[in-house]
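A.B. asks: Please see the structure below; I have some questions.
The values are calculated or read from the model by the stated rules, or taken from the named source; none is laboratory data. None of the values given here were measured: they were computed from a predicted structure. Note that we place each Cβ from the backbone using ideal geometry, even for glycine, and neighbour counts take in every protein chain shown.
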């Protein structure tokens, strides 16, 4: 079993033939078609529209649930960070960001909670690059349980800042090229 590199999500995935997380059997599919044993959180995949997307199985930890046994709303914010860092690490690795003296910063997060996740549920998150403005990017995310039901949907807007001036800079060309066509970011 190996740990993902998703900024602390720590979701384990097994080798072929092992049971998947939270009671999923060998080879059972995660919602959206990726299986827990073949989901590759280190890949940025094109989605149906050709835009960049990443799908990651997410572990629900005991400290993620409240006294009612429901995943706390703040956990979704952490998962958004995990998904965003997973996607960014493949598009512009941290060393490249440092070399260019730029840093991504989230300026807006919006989450719509659709249904509750509980400790024994399986969960997967998908993040998609929706659009690119001059200095901003718009990301959408969806969290689903093992039955394929949507637990939450989210939107984030981020900008790239010059690390010396703290001023916005144009979105890097590598990211601009992967945006969904005709879907500009909300604020630039």
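A.B. asks: Given the options 140, 115, name the one that is modelled with pLDDT of 95 or more and in a loop (DSSP other than H, G, I, E, B).
C.D. replies: Details: 140 fails: in a loop (DSSP other than H, G, I, E, B).
Exactly one of 140, 115 is modelled with pLDDT of 95 or more and in a loop (DSSP other than H, G, I, E, B), namely 115.
A.B. asks: Just need a number here: residues in region 77-112 that are more than 23 Å from residue 67 (Cβ to Cβ) and either under 17 Å from the mean Cα position of the chain (by Cα) or assigned to a strand (DSSP E or B) (or both). Please lay out each step first, then the result.
C.D. replies: From region 77-112, those more than 23 Å from residue 67 (Cβ to Cβ) are 80-110, 112; that's our starting set.
This time we only want the ones that are either under 17 Å from the mean Cα position of the chain (by Cα) or assigned to a strand (DSSP E or B) (or both), so: 80-94, 102-110, 112.
So the count comes out to 25.
A.B. asks: Another one. Could you check region 151-180 and list, in sequence order, the residues that are in a strand (DSSP E or B) and more than 17 Å from the chain's Cα centre (by Cα)?
C.D. replies: In the first step, residues of region 151-180 are kept if they are in a strand (DSSP E or B); the result is 151-162, 168-169.
Hits for region 151-180 are 160, 161, 162, 168, 169.
A.B. asks: Would you check if residue 127 is over 23 Å from residue 61 (Cβ atoms), touching a residue at least 12 places away in the same chain (Cβ under 8 Å), part of a strand (DSSP E or B) and in contact with a helix residue (DSSP H, G or I) (Cβ under 7 Å, 6 or more places away or on another chain)? Talk me through it step by step, then tell me what you get.
C.D. replies: Values: over 23 Å from residue 61 (Cβ atoms): no; touching a residue at least 12 places away in the same chain (Cβ under 8 Å): yes; part of a strand (DSSP E or B): yes; in contact with a helix residue (DSSP H, G or I) (Cβ under 7 Å, 6 or more places away or on another chain): yes.
No.
A.B. asks: Let me ask you something else. So residue 93 ticks every box in (1) closer than 18 Å to residue 54 by Cα; (2) surrounded by fewer than 22 Cβ atoms within 10 Å (Cβ to Cβ); (3) in contact with a strand residue (DSSP E or B) (Cβ under 9 Å, 6 or more places away or on another chain) but one. Which box is left unticked?
C.D. replies: For residue 93, the failing item is (3).
A.B. asks: Checking residue 148 against (1) in a loop (DSSP other than H, G, I, E, B); (2) surrounded by 20 or more Cβ atoms within 10 Å (Cβ to Cβ), which single condition isn't satisfied?
C.D. replies: It fails just one condition, (2).
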